[in-house]
1. If the chain between ASP286 and SER2 were fully stretched, how many nm would it gain, using 0.36 nm times the residue separation less the Cα-Cα distance?
2. Using a Gaussian network model of the chain with C-alpha springs under 10 Å, which one of PHE28, PHE271, PHE119 is most mobile by mean-square fluctuation?
3. With θ set to phi - 60°, apply the Karplus curve 6.51 cos²θ - 1.76 cosθ + 1.60 along the stretch 215-220 and write out the HN-Hα couplings as whole Hz, x wherever there is a Gly or Pro.
4. Take every Cα-Cα distance within the stretch 170-256, group them into 10 Å bins from 0 onward, and report for each bin the whole-number percent of pairs it holds.
5. Counting only heavy atoms of protein chains, what accessible area per residue, in Å², does the chain have with a probe of 1.4 Å?
6. Report, in order of residue number, the helices in the chain meeting two criteria: a C-alpha extent of 24 Å or more along the helix axis, and a mean Kyte-Doolittle hydropathy of at least -0.5; treat each whole DSSP H run as one helix.
7. For the stretch 1-154, which semi-axes, largest first and in whole Å, follow from the square roots of 5 times the eigenvalues of its Cα gyration tensor?
8. Give the carbon-plus-sulfur fraction of the accessible surface of the stretch 1-119 in %, rounded to a whole number; probe 1.4 Å, heavy atoms of protein chains only.
Amino acid sequence: MSVHPQVQALLDRVARSPLPPYHTVSPFVARRIYRDTRAVLAPKAPELAEVRLLAFENYAMRVYRPLTGGTLPGLMYFHGGGWTIGDLDTHDVLCRQLAVGARCVVFSVDYRLAPEYPFPAAVDDCFAATRYVAENAAKLKVHGIAVGGDSAGGNLAATIALLARDAGGPALAFQLLIYPATDQRCATASHQRNAQGYLLERDGIHYFRRAYLPNEKDWLDWRASPLAAKSHAKLPPALVITAGYDPLLDEGRAYAERLRAAGTPVTYREFADMVHGFILFGGVIDMANAAVAECCAALRGAFEKVAA
């Protein structure tokens, strides 16, 4: 299967862009490029009943509440961007879509970024944020918590699910893993097959890995490579989404298979004609909005089971 025509149009647009690749500029500049280019590809932002910021010493959270009054399920969302770029604004529309579609409160975590704050700073911040929401559920008017994220954020969501299991809590209802990075060795066949020409390229992956994991000895720490965890049993149910023209395709599929083999309920969904990052491109790629709708349906189903 070839890439979707709407994806090809986007790839052609990127090829004509005068902007430099992320790996050729400083993280400061890469963040600006990422922020501005994501904004023009996003769909219209849904209106919500409440959007507010919570701030702490090392991290912040933007809280999206679709309805006023009463308690709702909560989703901890960890944005993508190679642990180096990305922020609350690059994923604002997606978090709004998830809040409305899944009828839940989304807590989008603004965790510390590499290279200023390398591994495991992002893990520490995301786990601290998850524990805060769980411990203050009554005050925040939430019941039942899921974790989710895309790319680097999918990596963090998988890691937080493992950490929560091993720490005896918080209890999690679901894990939403959107083209997650699960193996920092970056050595699967899809890393070779999709190394060039599909938005996320080999040079960019290595750039992000150098920033987040400057010490090679950390590559197989399971908090960086959740596929390397000793056990994937007794984890919350998962939806794992991958894209056919993504270097991370094989490791996302491998993680879904590892969960299933360990007895963890998992739904695996491969969008064969899509590229890495596509779920943010709903302004120009129709399938992105369909994928978001699938995420929302999976989250609603998981939350209903917890409430039952």
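The values are calculated or read from the model by the stated rules, or taken from the named source; none is laboratory data. What you see is a predicted model; the values in this text were computed from it and never measured. No Cβ is skipped: glycine too gets one built from the backbone with ideal geometry, and neighbour counts run over all protein chains shown. Note: accessible area is taken over every heavy atom of the protein model, side chains too, but ligands, DNA and RNA are not part of it. Shrake-Rupley method; radii C 1.70, N 1.55, O 1.52, S 1.80 Å.
1. Once the chain is fully extended between ASP286 and SER2, it gains 100.6 nm.
2. In the Gaussian network model the winner is PHE28.
3. 9, 4, 4, 7, 4, 9
4. Going from the shortest bin to the longest, the percentages are 17, 47, 30, 6, 0.
5. Working: 12570 Å² over 308 residues.
Here the per-residue accessible area is 41 Å².
6. 286-307
7. 29, 20, 12
8. So the carbon and sulfur contribution to the accessible surface is 56 percent.
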